[in-house]
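Enquirer: Dropping a structure here in structure tokens format, bear with me for questions.
The values are calculated or read from the model by the stated rules, or taken from the named source; none is laboratory data. Just so it is clear, the model here is predicted, and its values are computed rather than measured. Here the Cβ positions follow ideal geometry from the backbone for every residue, glycine too, while neighbour counts run over all protein chains shown.
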Amino acid sequence: MICAAQVALDVPLTRLFSYAVDGGLLAVGERVFVPFGHRVLSGVVAGLEEVAEGSMTLKAVQSVPRDLPCLSPEWLALCRFVADYYHHPLGQVIATALPAVFRIPEVFTPAQPPLLYRCDDVEALLARLAARATAQRRVAQALAVPQTAASLRALAAPAMRWIASWLEQGWIEAVPETAMAKGKAATNAPVPNPEQARAVEAIASAEGFVPFLLFGVTGSGKTEVYLQTIATVLARGKQALVLVPEINLTPQAESAFRARFPQARIVSLHSRLNDSERAQGWLAAMRGEADIVLGTRLAVLAPLPRLGLVVVDEEHDASFKQQDGLRYSARDIAVYRASQEGIPVVLGSATPSLESWRNAESGRYRLLELPARAVPGAALPELRVLSMRRAPQRDGLHESAIAAIGRALDRGEQALVFINRRGYAPTLACGECGWSASCRHCSARLVLHLGARRLRCHHCGYELRIPPACPDCGNQDLKPLGRGTQRLEENLQALFPGRNILRIDRDSTRRKGAMDAALEAVHAGEADILVGTQMLAKGHDFPRLNCVLVLEADSGLFSVDYRAEERLFALLTQVAGRAGRREQPGEVLVQTQFPEHPFYAQLLQRDYRVFADRALSERRDLRLPPFAAWALFRAEAQQLDSALEFLRTVKQCFVPEPGLTIGDPVAATMLKKSGLERAQLLVSAENRQLLQRALAMAEPAMDRLKAGRIRWSLDVDPAEV
DNA sequence: AGCACGCCGACT
DNA sequence: GTCGGCGTGCTC
């Protein structure tokens, strides 16, 4: 008998591969490099077995790097769960979770102990900096609290150049993170209001696995609940895992945590870290050195040996779901981890996902509510729905919206106008023959970008010069149809001449640091009217903003995607949270062509419960999630027919069963994308267990399928269909 | 997914 | 004659 290691490799194959181990000195969880075909791959030992000598010729493990401690059985079990639940090969799950440096043959040597930068006298430092150097001043201001290089770079790309020179001048100091602890007093925790105190008490006294849904409007002080609960977790010597949706929110969350817990080691994990930073943070988490791990969805897969609490902030946010490769939901994995560890998990939101809301209603989650706004005197903004039918309007803006913006500007405040569409106009059309510009590679209109003088596809990046005349009939008078951020900016400039209008969308912030510069300009009061897409809805706090106008909201009401309405409600609630976070009451206006739609009545009630009740009863009637468990197969091919044909063979892999519905393959809503035609197949089950069983039973047959030229993927609990 | 092998079309 | 197209099949 010889000892063999069953190795999980980053290949799209479900099975493990066995390798001979010299001397048998290898543990489960060890990383290895093994010969595979004509190359060498990194893998992880997922199991050990005894193999009869000569029964099968095994290749031998090539090398065992020792720069990383052995991965724990608990962490491997987590990866196994993820692999099983999402029906993804274990080796690929591990490859997704493990930082890249641990998958290359070079041995990772952590650089110096990570340094924190700090300034004792920020006022003095600021006085030394030019008044106009806004980015430098922002970095300087952040140094009131110890900061890592990574978060400073997130604040301003060239931050570390300035840091080097300030260090040289002796204006600031660098302290090894490990030596940071002593002497720094924590910022005093504010006294919680009664609801906050009750929530903290409930979570802190929870025994074993208890999932909490922390339901509180924007500004009700959810963060304070997290902070005070984490304090109790740290006091018990446990680690806390905090997930936030947006990468932009990590640095600001990190500063808040650092200010409150100066003695704690805080590590952030997100995709903007470079390889070595990510590896270092991961190691600190894995070794139990990090007390708080803060990050985006990928942080949920970090190994945490003494985990005591998991927090998912803005749990409804779509960014917790990965949309390619391993299509996992970090929120769901967070709940699973808590259940495995037997610890509490807190899901926080002002507009919970309907899944979580249902779980709270059914008693699976415990509901904690924060009803009031935490900032004394801050009132909920006034909300108005403006009918655009037969309404007095100019340039597609309702007269009362124009008046409201004007009033805000006269008060010396800022106004924000949202439109969820970038570019000048969503299409360019010929008024004579009905031609309109469409993409060669996608079933989509080309968007007119006047600044760049181009037509662009927002799905594949295809670009075209603006044609001088209609390619079909030669008509020279092509007209932009509809409007996006750029045209809106132009409209507003015409309505408010002399006012500064600042557009913030993916186009205006593409350049590195452009987003920071724009936000800086907003805070400095250089902008009167902000025009932006969704990217402005989240997290940013604009103190002088009290008037928000939302355009083209209706598209969310008539979408083929059953979740669009839920997302629109969350978006509008969040947008409303942008207005009037301070003393003045804010004003939120929504333009619509369908004011009589029940959605708006519910929105006006300002009551998430009313909306959730109606939306959930609709979903119950229609057997939509969360009243069903879904899995979606997607396939793309040169020809729709071969994608459909492939999905038909997928369908045949399933065994019919009561409560299980295997749909028919259908063409995707947007048939063509990036030159490929797409189709999908929906598998629906009465519950998750049944869905999982059906998928597991279909797996062996699916392994035998040959996809040929077809690219396909399986999405369990798809976010969009 | 890679990567090799293998079998048919237009080129120095 | 061969360079190279991508179909098919395998990887302990």
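Enquirer: Please pick out the residue among A:A452, A:A469, A:A494 that is surrounded by fewer than 20 Cβ atoms within 10 Å (Cβ to Cβ) and either among the acidic types (D, E) or outside any loop (DSSP other than H, G, I, E, B) (or both).
Expert: A:A494
Enquirer: Continuing with this model, one more query. Test each condition in (1) out of contact with any Phe, Trp or Tyr (no Cβ under 8 Å at 6 or more places or on another chain); (2) in contact (Cβ under 8 Å) with a residue 24 or more places away in the chain for A:L25 and report the one that comes out false.
Expert: A:L25 satisfies every listed condition except (2).
Enquirer: Please find, among A:C433, A:C460, the residue that is in a loop (DSSP other than H, G, I, E, B), within 24 Å of A:M535 (Cβ to Cβ) and not β-branched (V, I, T).
Expert: When all the criteria are applied, what remains is A:C460.
Enquirer: For the stretch A:322-374: of the residues being aliphatic (A, V, I, L, M) and modelled with pLDDT under 95, which is nearest to A:A612 (Cα to Cα)?
Expert: Selected residue: A:A350.
Enquirer: For the stretch A:614-655, how many residues meet the condition of being modelled with pLDDT under 95, part of a loop (DSSP other than H, G, I, E, B) and either surrounded by fewer than 15 Cβ atoms within 10 Å (Cβ to Cβ) or charged (D, E, K, R) (or both)?
Expert: The qualifying residues number 3.
Enquirer: Another one. Within the stretch A:660-717, can you find the residues that are β-branched (V, I, T) and under 30 Å from A:L446 (Cα atoms)?
Expert: If the condition is that a residue be β-branched (V, I, T) and under 30 Å from A:L446 (Cα atoms), then A:V666, A:T669, A:I710 are the ones that fit.
Enquirer: Name the residue that is farthest from A:Y424 (Cα to Cα), counting only residues in the stretch A:521-555 that are among the acidic types (D, E) and at pLDDT 80 or above. Reasoning before the result, please.
Expert: Taking the stretch A:521-555 first, the residues among the acidic types (D, E) are A:526, A:528, A:541, A:552, A:554.
Applying the additional criterion that residues be at pLDDT 80 or above yields A:526, A:528, A:552, A:554.
Details: A:E526: 23, A:D528: 21, A:E552: 14, A:D554: 19 Å.
That would be A:E526.
Enquirer: If a residue has to be at pLDDT below 85 and aromatic (F, W, Y) to count, how many in the stretch A:98-143 make the cut?
Expert: 1
Enquirer: Out of everything in the stretch A:1-38 that is more than 16 Å from DNA strand B (Cβ to nearest atom) and in a loop (DSSP other than H, G, I, E, B), what residue ends up being nearest to the chain's Cα centre (by Cα)?
Expert: Ranking the qualifying residues of the stretch A:1-38, first place goes to A:G29.
Enquirer: Further question on the same structure: With respect to A:R678, is the statement that it is over 30 Å from A:S356 (Cα atoms), surrounded by 20 or more Cβ atoms within 10 Å (Cβ to Cβ) and within 16 Å of DNA strand B (Cβ to nearest atom) true?
Expert: Judged against the criteria, A:R678 is a match.
Enquirer: Which numbered condition trips up A:I94, out of (1) in a helix (DSSP H, G or I); (2) of a type in the set (A, V, I, L, M, F, W, C); (3) within 16 Å of DNA strand B (Cβ to nearest atom); (4) out of contact with any strand residue (DSSP E or B) (no Cβ under 6 Å at 6 or more places or on another chain)?
Expert: Among (1) in a helix (DSSP H, G or I); (2) of a type in the set (A, V, I, L, M, F, W, C); (3) within 16 Å of DNA strand B (Cβ to nearest atom); (4) out of contact with any strand residue (DSSP E or B) (no Cβ under 6 Å at 6 or more places or on another chain), A:I94 violates only (4).
Enquirer: Only one of A:Y19, A:Y85 is more than 16 Å from DNA strand C (Cβ to nearest atom) and aromatic (F, W, Y). Can you tell me which? Steps first, please.
Expert: Numbers: A:Y19 fails: more than 16 Å from DNA strand C (Cβ to nearest atom).
One residue alone meets the criteria, A:Y85.
Enquirer: Please enumerate the residues belonging to the stretch A:695-721 that are in a helix (DSSP H, G or I) and within 16 Å of DNA strand B (Cβ to nearest atom).
Expert: A:E699, A:M702, A:D703
Enquirer: Pairs only if they're at least six apart or on different chains, beta carbon under 6 angstrom, first in the stretch A:52-63 and free of Cβ contacts under 8 Å to residues at least 24 places away in the same chain, second among the hydrophobic types (A, V, I, L, M, F, W, C) and exposed (fewer than 10 other Cβ atoms within 10 Å of the Cβ); list them, first residue then second.
Expert: Every condition considered, no pair remains.
Enquirer: Give me the residue from the stretch A:677-704 that is farther than 30 Å from A:E566 by Cα and touching a strand residue (DSSP E or B) at 6+ places or on another chain (Cβ under 9 Å) and, out of that set, nearest to DNA strand C (Cβ to nearest atom).
Expert: A:M702
Enquirer: May I pose another question? So which of A:R483, A:R422 ends up being closer than 19 Å to A:E552 by Cβ, out of contact with any Leu (no Cβ under 9 Å at 6 or more places or on another chain), in contact (Cβ under 8 Å) with a residue 12 or more places away in the chain and in a loop (DSSP other than H, G, I, E, B)?
Expert: Result of the check over A:R483, A:R422: A:R422.
Enquirer: Right, another one. Which condition breaks for A:A27 when tested against (1) of a type in the set (G, A, S); (2) away from DNA strand C (no atom under 16 Å from the Cβ); (3) more than 28 Å from A:S271 (Cα to Cα); (4) exposed (fewer than 12 other Cβ atoms within 10 Å of the Cβ)?
Expert: Among (1) of a type in the set (G, A, S); (2) away from DNA strand C (no atom under 16 Å from the Cβ); (3) more than 28 Å from A:S271 (Cα to Cα); (4) exposed (fewer than 12 other Cβ atoms within 10 Å of the Cβ), A:A27 violates only (4).
Enquirer: Let me ask another. Tell me which of these A:I230 doesn't satisfy, since it passes every other one: (1) out of contact with any strand residue (DSSP E or B) (no Cβ under 6 Å at 6 or more places or on another chain); (2) modelled with pLDDT of 95 or more; (3) assigned to a helix (DSSP H, G or I).
Expert: (1)
Enquirer: Only one of (1) out of contact with any Gly (no Cβ under 6 Å at 6 or more places or on another chain); (2) of a type outside the set (V, I, T); (3) under 30 Å from A:Q393 (Cα atoms) is not met by A:K479, so which one is it?
Expert: So A:K479 meets the others, but not (1).
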